[in-house]
Amino acid sequence: MKKSIIAFIVLVILTPLGLLAPGSAWGEWDLSEIKEKTGFIPQGMARFNEIIRHILPDYGITGFDKSFWQSALGYILSAIVGIAVIAFIFWLIAKLVPEKREKVL
């Protein structure tokens, strides 16, 4: 358990490395980039783009992205929020699913 927590902390700290690369990360394109790459916008993506709003758009805090360090802090905060949400979902599933006990002969 302790090793996995340390691994998560290291990954959180390393998340701002993506800021050093030019352009968008592979597969994280907005609709205009998808249209540029494929020539069209998939119907489902266009429909859900209007419905879904992100908690931390572009992995940052709106208005707090003027420098590399502010953007890096946004990336780290985004990683922490993402890990917390996923951990909560797994915890909730573990609580809702009954524990299977094996019979001992």
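Observations on the model:
- Among the residues of region 29-57, those identified as without any contact (Cβ under 8 Å) to a residue 12 or more places away in the chain and within 19 Å of I80 (Cα to Cα) are R53, H54, P57.
- Checking Y75 against (1) among the aromatic types (F, W, Y); (2) touching a Pro at 6+ places or on another chain (Cβ under 6 Å); (3) over 18 Å from F8 (Cβ atoms), the condition it does not meet: (3)
- Candidate set from region 6-55 (those that are among the hydroxyl-bearing types (S, T, Y) and more than 23 Å from L77 (Cα to Cα)); member that is modelled with the highest pLDDT: T38
The values are calculated or read from the model by the stated rules, or taken from the named source; none is laboratory data. Since the structure is predicted, the reported quantities are computational estimates derived from the model, not experimental observations. Cβ: placed from backbone, ideal geometry, glycine included. Neighbour counts: every protein chain shown.
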